[in-house]
Each structure stands twice: as structure tokens, then as C-alpha cells.
1. Specify which of the listed residues (373, 351, 342) is touching a Ser or Thr at 6+ places or on another chain (Cβ under 6 Å) and among the charged types (D, E, K, R).
2. With respect to the numbered conditions (1) of a type outside the set (Asp, Glu); (2) under 16 Å from the mean Cα position of the chain (by Cα); (3) within 20 Å of residue 396 (Cα to Cα); (4) surrounded by fewer than 22 Cβ atoms within 10 Å (Cβ to Cβ), which one is the sole condition not fulfilled by residue 140?
3. Going by the conditions given, is residue 225 under 17 Å from the mean Cα position of the chain (by Cα) and more than 30 Å from residue 153 (Cα to Cα)?
4. With respect to residue 370, is the statement that it is touching an Asp or Glu at 6+ places or on another chain (Cβ under 7 Å) and within 16 Å of the ligand (Cβ to nearest atom) true?
5. Given the structure, is residue 398 more than 16 Å from the ligand (Cβ to nearest atom), modelled with pLDDT of 95 or more and within 18 Å of residue 141 (Cα to Cα)?
6. Quick check on my filter: what residues within the stretch 190-225 are part of a loop (DSSP other than H, G, I, E, B) and either away from the ligand (no atom under 16 Å from the Cβ) or closer than 26 Å to residue 139 by Cα (or both)?
7. Does residue 145 satisfy the condition of being under 14 Å from the mean Cα position of the chain (by Cα), in the same structural domain as residue 240 (by TED's automatic domain parsing), part of a loop (DSSP other than H, G, I, E, B) and crowded, with 22+ Cβ neighbours inside 10 Å?
Amino acid sequence: MGEYTHAEPTVEDAPRRRVVTPPATADLTAVRSAIGNRAFGSLLRRQRVARVASHKPRRPAPRRPPSWPELEAALADNTKDVKAIVGRVREDQLNQMWKVPDWVRKLAAAMSPERFAYLAAAIMLDSSHVPAGRKEALRLLSAMLHDKETALRMIVRPVTVVIVPRDMQPTELEEFQSLLTKDEGKGPGKTFDGRQWAHVRGFSDVTYGIGVYVAIIEENLLGGAPDPKVFEAPTDDKGNVIGAKGAVVGGLPVGFSNTTHEMAHAIFRQGLTAEERKLVTRCYQAKRAATSGAGSLVANLWPDGPRINPVAPKRWKDKGWTDETRLRYLVGLSDDARRVYENYSSQNVDEYFAQLANAYVGANLGIDGATLEPRNNGRDWVASKEPKEMLDLLDRLFNHATVNDIDANGELKARGRCANPPRPPGKRGRT
Ligand SMILES: [Zn+2]
């Protein structure tokens, strides 16, 4: 590797991430007027959590963190438990490792793909806002990083995956604030389809500084729903309202992971080579072509089911439509006009890849939002409906990993491993 050198990263090198940090002592009235009621409330809650934590019995002192050479030797030894080794390194130090790419490449060459996948996930994950979600996030992300070259491209980009607390709008975090003013044609702060970024629970590919950031959410890792207050009107850093209140929505279907969905977006945009992206685009366009026209528009070929629902919903039938007249009408629409009736995975190549990845790792449970048809799930389904070159790519990336225990139909097995588990009964509030 010639003249590779490395300097141990220091905490001071860490990029700034947090918008609001709780003051140790402060004039609370001044703080409230400076940051607004909502931010003040969540700040107080965090302080309360910190106080409660301080009453817990003291844990034994943590083991001494490994020195840099010790760490390198332990990681390179494939007989050693990678989770235990990584667990001895502070997350903010792991997050700095993109700065020593030659060292990480050297480790990748020495480590088994499975062990390197875990290290790669730990380098990219920022669980500082939701430490309780770290273990599950690492389980899900590492399942998707079996291809070392893909993982390395993401590490050096650098990609950072941030867990957003269930009581916080992602745009309250500094790395996602640019979305509050971003205009994709539907006005500032809104997505291409008119949703307010502040209310979107999970997204990918946000550029901040020199890095790319991915937002995953606490409630999808630990189960349950977001706090309703995250759907309040977004405010700027001076507390001025800069958007509208959104409809309060609950959590995602049990077994559906938008953690793996968002990671798949990051893999597609930041991990794959240009050639691989072209392959995915080719497969997407082929599927669009194969599901055009009256006969095939309702064929169940997409990760999220048929492109449109073959059955007219009740509200259509109430107005005199039949399945046939509705289908004829939808076939006659332009691709753009029909889009709102079509499943999510058929919307564009990014969503196709993200939902295909979700199906492959067994995390595509639930029904599609537009068609209300069941989503498809499991590698077996992918193998039966995708061309070999696409399956080969997914096999290389995910190496047969499944994040849920599912049966041959893609349904969850009782008491098996489950991404986005049901919330334990009686457990309320923050986790
Ligand atoms: Zn998506």
C-alpha cells in the first residue's frame, strides 16, 4: 500500500451536527425566547432524560478503548468477534474513519465480507440522538453492505446515516435544514409530490458540507409511532413558522423497514458504479414497458404489486365507474397523469431499486399507499420476477441476507426476527 499514513482522528475533527445543545446552566427564559417553545420543550425533555439517567446505578467503568494498532490487529483477525471490537470504539471516532481511507481499505482486504459489513455500518451510523436504536440500525445496515467495494465508496464519500428521534422533525437537525428551503417545483420546503420535508419520516441523499446524509427514524427501528408533535408546522431557526401543520400519521406496518429502504437509496446513488446504475435503470425501464397497456398495467410484477389496482375502489364505483371503464380511463391517461394511481416502486428508478432491495431483504411488508394492494416480499419473489443480471447484483450486495424471519410467501413468522416490531404493550413515550 506504499506510503499510506494515518493520523488518529480526534473528537475536535468531528463535523458539527446538532442544532440545539442543552446548556448546563442557563437563563431558561432567554433560551425559550431564543429557540422557540417547541425546541425548548424538547430540550427540557432531553435534560430530564439526562437527569433520570444520572440516578441509575453506576455501571462498571468501560474497558480501555483499544489503541490504533490494537484495533487494526483485532479487526484484521477474522476469528475475533467484530461486534465486541467495534463496541469498544466510541461512535464519534468510528464516524471519523472515512478520513483514513487507505487504512479502511487495508482493513477491508483483511476482513471477511460479513465482518467488514458490520464495521462499514458502524463507520456510517450516527446514533448520537437515539443510542437505543444503534444495535438494530447496525443489524439492518450491515445486512446491506456485503460488497466491500460498494461499502468503501460510501464510506469515503462520506455517507452518514443519522437516526432521527421519534419526537423530532428531521429538519430540526443541522444536516437536514437545507430541505426547509429547497424547492423541487411545489414550493420551498416541499418534496416533488408536495409533501413538506419537515414531516417526511426518513429520506436519503441530502448533501451537507462535503458529505451525504441519510435520515432514518427511531420509531422504525424500535417500533411504534412518531410523536404527533413532529407534524406541527415547521419553524426556522428563529422560531418563525415557515410551513403548514401536517396530518398526524402513525407508524409504518410491522415488518416494513424504511431504514433498509433509505439505505438502499444511498447504495444506489453513492455506492453503485455508473455501470451498475445503468443496469438498474435498464431493468426499471423494461418493467415499465412490460406493464403498459390494458392487459399488463395490472400485472403483479413490481415490488409493490401491480402498477395500478385492477379493482375500482368503492369511491369510484359510487360514482358509476366499473372496473373496466376505470381501467380504460387509466390506460388512456399520460404516464404523468396516471402516476398518482400507480404503486410507489413504479414511480421512478430510485424508488424501484429501494423497494426491490426491501423485498430482497424481506422487509417489504404491508400494502402500497396508492393501489392498496399487498407489497411483494422475499428474495424468492425477486428471483421469480427480475432478470438474472439484477438478481446477481442484489446477491452481491446483500448476499442472501434477510432482516425479517419470513415464510415462503414473504409473511412474517410468529416470534421471529422483525424489523419495525410491534410496540410492546404498555410501553409509552420515548425509548
Ligand atoms: Zn424512497
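The values are calculated or read from the model by the stated rules, or taken from the named source; none is laboratory data. Computed from a prediction, not measured in an experiment: that's the story for all the values here. With ideal geometry, Cβ positions are generated from the backbone for all residues, glycine too; neighbour counts draw on all protein chains shown.
1. After ruling out the rest, the residue left standing is 351.
2. So residue 140 meets the others, but not (4).
3. Judged against the criteria, residue 225 is a match.
4. Taking the combined requirement at face value, the residue satisfies it.
5. It is true that residue 398 is more than 16 Å from the ligand (Cβ to nearest atom), modelled with pLDDT of 95 or more and within 18 Å of residue 141 (Cα to Cα).
6. Passing the criteria: 200, 201, 202, 209, 210, 223, 224, 225.
7. Judged against the criteria, residue 145 is a match.
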